[in-house]
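Working notes, structure below.
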Amino acid sequence: MGINTLVMKYEYGQGKSLRSDFLVADSMHTKADILTSLSVIVALIGIKLGFGIIDPITTLVISIFIAHAGLEIIKDASKVLCDTVAILDTAKISGIVMTVKGVKECHKIRTRGRPDDICIDLHVQVDPGMHMDHAHKICYAVEEAIKSKIPEVTDVLVHIEPRSDQRK
């Protein structure tokens, strides 16, 4: 139990610092194992001392903890499964994109994923007379610029659109 406690604390700390929901969830699982082992020891001691009621009470407390941990894991996982917004500050992304030469405008920015595995979709407007090869180079430059400034981003999908400088 002592070793598991150290592993659980280390894993939880690393999960938080790396923003890894997998490590945090596994640390919660290890914590449930520790509490289950502790409840067995407490129940055995309680029964040996003549307190038979301690066993079902301990079991109930551990069951509540495991249910709570499960609900937290489900809540966090459902955010990823439902494509909850991963980065709220789209102005930061737009600012990065606008530094790429050839980009005239950036809009329709959408983010999703886990905090350590973010996917971004966005629309970039370029000169309508631009050759397709040059437009693709801009796509790659946008992707690299975003990934270099926001390391948690693992995928960027850039939609190229023509933009006339003459607005109606």
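Once the stretch 85-133 is narrowed to residues that are small (Gly, Ala, Ser) and under 20 Å from residue 152 (Cα atoms), the residue that is farthest from the chain's Cα centre (by Cα) is 95.
Quick check on residue 85: is it over 30 Å from residue 36 (Cβ atoms), out of contact with any Pro (no Cβ under 9 Å at 6 or more places or on another chain) and crowded, with 16+ Cβ neighbours inside 10 Å? Spelling it out, it is not the case that residue 85 is over 30 Å from residue 36 (Cβ atoms), out of contact with any Pro (no Cβ under 9 Å at 6 or more places or on another chain) and crowded, with 16+ Cβ neighbours inside 10 Å. Taking residues in the stretch 9-26 that are basic (Lys, Arg), and partners anywhere that are not in a helix (DSSP H, G or I), the pairs with Cβ atoms closer than 8 Å and at least 6 places apart or on different chains are 19/114; 19/115; 19/116; 19/152.
Answer yes or no: is there a residue in the stretch 89-96 that is surrounded by 16 or more Cβ atoms within 10 Å (Cβ to Cβ) and in contact (Cβ under 8 Å) with a residue 40 or more places away in the chain. Yes, the stretch 89-96 contains at least one residue that is surrounded by 16 or more Cβ atoms within 10 Å (Cβ to Cβ) and in contact (Cβ under 8 Å) with a residue 40 or more places away in the chain.
In the condition set (1) in contact (Cβ under 8 Å) with a residue 40 or more places away in the chain; (2) among the aliphatic types (A, V, I, L, M); (3) surrounded by fewer than 14 Cβ atoms within 10 Å (Cβ to Cβ), residue 73 is compliant with all but (3). Evaluated against (1) among the charged types (D, E, K, R); (2) within 30 Å of residue 18 (Cα to Cα); (3) free of Cβ contacts under 8 Å to residues at least 24 places away in the same chain, residue 133 falls short on exactly one condition, (2). Reported count of residues in the stretch 97-106, each being free of Cβ contacts under 8 Å to residues at least 40 places away in the same chain and among the hydroxyl-bearing types (Ser, Thr, Tyr), is 0.
Quick note: the coordinates plus some simple rules give every number you see, no bench work behind them. Because the structure is predicted, anything quoted here is derived from the model rather than measured. Cβ: placed from backbone, ideal geometry, glycine included. Neighbour counts: every protein chain shown.
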